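What follows is a single structure, written as structure tokens, with notes after it.
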Amino acid sequence: MSDIPQERRVVTAIPGPKSQELQQRRVAAVAAGVGSTLPVFTARVDRGIIEDVDGNRLIDFGSGIAVTSVGASAEAVVRRASAQLQDFTHTCFMVTPYEGYVAVAEALAELTPGDHAKKSALFNSGAEAVENAVKIARAYTKRTAVVVFDHGYHGRTNLTMGMTAKNMPYKHGFGPFAPEVYRVPVAYGYRWPTGAENAGPEAAAQAIDTITKQVGAENVAAIVIEPVLGEGGFIEPAKGFLPEIVKFANDNGIVFVADEIQSGFCRTGQWFACEDEGIVPDLITTAKGIAGGLPLAAVTGRAEIMDAAHAGGLGGTYGGNPVACAGALGAIETMKELDLNAKAKEIEATMKARLTAMQEKFAVIGDIRGRGAMIAIELVKDPATKEPHPEAAAALAKACHAEGVLVLTCGTYGNVLRFLPPLVIGQDLLNEGLDVIENAFAAL
């Protein structure tokens, strides 16, 4: 486990000379389509600090996009994964199985919402999990159509690009996409025409009307939604929206899939974000925070639905890799031991208080939203018109990076700053990062 002093330290320009040298090698060897938010090359990571090859220490408000919730070198993850590495790295679960895969499936059955019988299948990435959830739903319902939502993000494979709302950079030039994917409105409270208080019931009615008229409920295999929409801008669907969609799915024999890839595993102050309104999904997809940074993903759901696919119909050579499974058991151990749900709620209280104070000073902050350690601010040119201000988001991110705070942007309009600190970040570091953000606003 790394043990880095939990202090921000800027000793060179960012990126520094060693990072710039590595960047030249990267440009020569790595495909240009693979981007990077900030080209500082990482040497070590511990809790809330990323140390680069030049010796700079950056406050981490990104967690590798919500992956390293327990930290990027958590003791239990390192211990369990190291022990597994000594024993074997791979057999392929579809050839000769091993206990770790089964233990992860048991943990997912225990942690995910609902007390019904559950089963899981393990994969490598979030997109793979979503794609397999659709396969399972189609096998179970014998239907083909898939319903997704405005501002949704589900991955970069052909099917999941088709399910993703945002064209640039995810879909542009990569079509044609898989058929039988239909998009309907979501309750985006801040931008709902008749006001946030009406967004839940009105958006649900519109979505259901569109599905009924344009697709036919009897043709829909699955409705797939992120309970907090991640890439689309950390949109929390207005209260009442999700329960209405779930009721419609249940009434029409449609499999309801909660895509918890970014919002799962204590990120929102609950094990899963759908618990906020008591949603019990038929299937739930997980990845990102599941294994402390090792590549692992899962589809977990009602046993009778999960068993609908024929033997051999699900799988993949690396799916449920034994080292990644060991890491997942270590990550879950850490989440329970440190009560990271409580920690996420503490982070929310600190961030929302500080950001609300900033909103009073800086008119560019149109909306503050999110839950737990999944918080965002939407930036606008004018609070009255709510015209998106992507240039401000880019400028603020750049200013924070120069001062040694890693922040990420997102949103369909590119105007959202999102904050995903590791759940193990220290309170002093969290406040220092917020100080840098506030100073960046003042300079802007």
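By the Stokes-Einstein formula, at 1.306 mPa s and 10 °C, segment 77-132 with its Kirkwood radius over alpha-carbon pairs has D equal to 120 µm²/s. If the Kirkwood radius is taken over C-alpha pairs of segment 75-337, then at 25 °C and 0.890 mPa s the Stokes-Einstein diffusion coefficient equals 131 µm²/s. Per residue, the average separation of C-alpha pairs within less than 8 Å and at least 6 apart gives segment 75-337 a relative contact order of 31 percent. Per-residue Cβ neighbour counts within 10 Å put THR141, THR91, THR160 in the sequence THR91, THR141, THR160, beginning with the fewest. Taken one residue at a time, the phi angles of segment 257-265 give Karplus couplings (6.51, -1.76, 1.60, θ = phi - 60°) of 10, 8, 8, 9, 5, 8, 9, x, 6 Hz. Gly and Pro are set to x. In the chain, the DSSP beta bridges split such that about 65 percent are antiparallel, to the nearest 5.
Run the reach check for LYS118 against aspartates and glutamates, Cα to Cα strictly under 14 Å, same-chain hits fewer than 8 apart removed. What comes back? Within reach: GLU106, GLU110, ASP282, GLU304, ASP307.
In the chain, the calculated helix contribution to ellipticity at 222 nm averages -11500 deg cm²/dmol per residue, counting -39,500 (n - 2.57) for every DSSP H run with n ≥ 4. Under the combined filter of DSSP loop state and at most 13 neighbouring Cβ atoms within 10 Å, segment 61-148 retains these trypsin sites (Lys or Arg not before Pro): LYS142. Among THR12, THR412, the order by Cβ neighbours within 10 angstrom, fewest to most, reads THR12, THR412. In terms of distances greater than 29 angstrom between alpha carbons, the cross-link table entries LYS171/LYS336; LYS171/LYS381; LYS171/LYS398 yield LYS171/LYS336.
Taken together, the values in this text are just the output of simple stated rules run on the coordinates, not laboratory data. What you see is a predicted model, and the numbers here were worked out from it, not measured in a lab. Reconstructed Cβ throughout: ideal geometry from the backbone, glycine too, with neighbour counts over all protein chains shown.
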